[in-house]
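Step one of this worksheet: look at the structure below.
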Amino acid sequence: MMKKLKADNSLSGTRLDKAASEIADISRSLAAKLIEGGYIKVNNDVKKPSYILCEDDEIEINAPESADVDIAPQAMPLDIVYEDKHIIVINKQRDLVVHPSAGHDDMTLVNGLLFHCKDIKGIGAEKRPGIVHRIDKDTTGLLAVAKNDKAMASLADQIQSRTMKRKYIALVEGKIEGEGCVEANIGRSKKERKKQAVANDGRYAKTNYKVIKNYTNYTLIEAELDTGRTHQIRVHMAYIGHPVVGDKLYGYKKQKFNLDGQLLHAYELELIHPQTGKKMVFNAPMPEDFKKIVDTLDKKECL
């Protein structure tokens, strides 16, 4: 694993071990060991895990990959929105984990991508070849994957500089008026490890939203990520009292609709093509289970 980036204002003031664990998606204890072993440096110097980052500090992560990682290519249906020699854009279905992790060793999107295009093996992190951003297991929608090192670097830079635009559509509980933004730091919950939470010591996060349609007890919104923290939209909407419908982790314990996941869909993705430099915009229609509920609400409200 090799990553190099400059600390922005979301990382400034954060301990190095905490920042490295989030950047590299590893445990904080492993991050501390890598820092102490000289695999993670700041401004080309070895620092202590407790070092507090300053804005524009250059963080370099050069962690050794495990030699025994072997992700098996597995055939699965993929909804391919676009593909060329450099990138592939997938409309991810519900109940699909993006890459192997604890408890999800196979039948992930990465397994399917390795079967479909073997060239992505070795691109980026070993367990996440080609993956530059993720969508939650039970969230649907668009995901861009790199097929070579140049594309990987370009897409990762677009994520870091926030020039890649990602828009979602969501059905949330309660009634919201107009538009607004939620600007609140997000970090791992101190009470439940599987959850994220709004926390003062978390990383900066901002979600913009606007109302598409109001219903009596629900609101259909468009949400755009200004940052890309884990579970960001789900955490932010729950934080302001409007959790995503069907969200079993952050939403209401009792759900009116029988759903297998939250009604949150990444419907639009805008990026700059790594080779041509041209702006590309991709769209994915609302999945059937989501559309069915919206159609039901439309009919009920019109009666």
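Since every read-out is calculated from the coordinates, none of them should be taken as a lab result. Quick caveat, the model's predicted, so the values are computed rather than measured. Using ideal geometry, Cβ is built from the backbone for each residue, glycine included, and neighbour counts are taken over all protein chains shown.
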Quick calc, MET107 & LYS292: beta-carbon distance into FRET formula, R0 25 Å, rounding 0.05, result 0.45
Projecting the Cα atoms of ASN62, ILE240, VAL98 onto the charge dipole of the chain, where Lys and Arg contribute +1 and Asp and Glu -1 at Cβ, the residue farthest towards the positive end is ILE240
Given pairs LYS167/LYS254; LYS147/LYS175; LYS3/LYS195 and cut-off 31 Å on Cα-Cα distance, the over-length ones are LYS147/LYS175
Against the 2.2 N^0.38 Å rule of thumb, the C-alpha Rg of segment 80-164 sits at a ratio of 1.01
Length gained, LYS4-LYS121, 0.36 nm per residue minus C-alpha separation, equals 40.1 nm
The Kirkwood hydrodynamic radius of segment 170-217, taken as the inverse of the mean 1/r over all distinct Cα pairs, in Å, comes to 12.6 Å
Long-range alpha-carbon pairs in segment 226-295, meaning those over 15 Å apart, account in percent for 64 percent
Rounded to the angstrom and largest first, Cα extents along the principal axes for the chain equal 67, 42, 38
So, with points 7 Å from each Cα along the Cβ direction, the LYS256-GLU192 label distance in nm works out to 2.2 nm
Of all DSSP beta bridges having both residues in the chain, the percent classed as antiparallel (nearest 5) is 95 percent
The answer for trypsin sites (Lys or Arg not before Pro) in segment 268-303 that fall in a DSSP coil and have at most 15 neighbouring Cβ atoms within 10 Å is LYS278
Dividing the helical contributions, -39500 (n - 2.57) per DSSP H run of n ≥ 4, by the residues of the chain yields a 222 nm value, nearest 500 deg cm²/dmol, of -6000 deg cm²/dmol
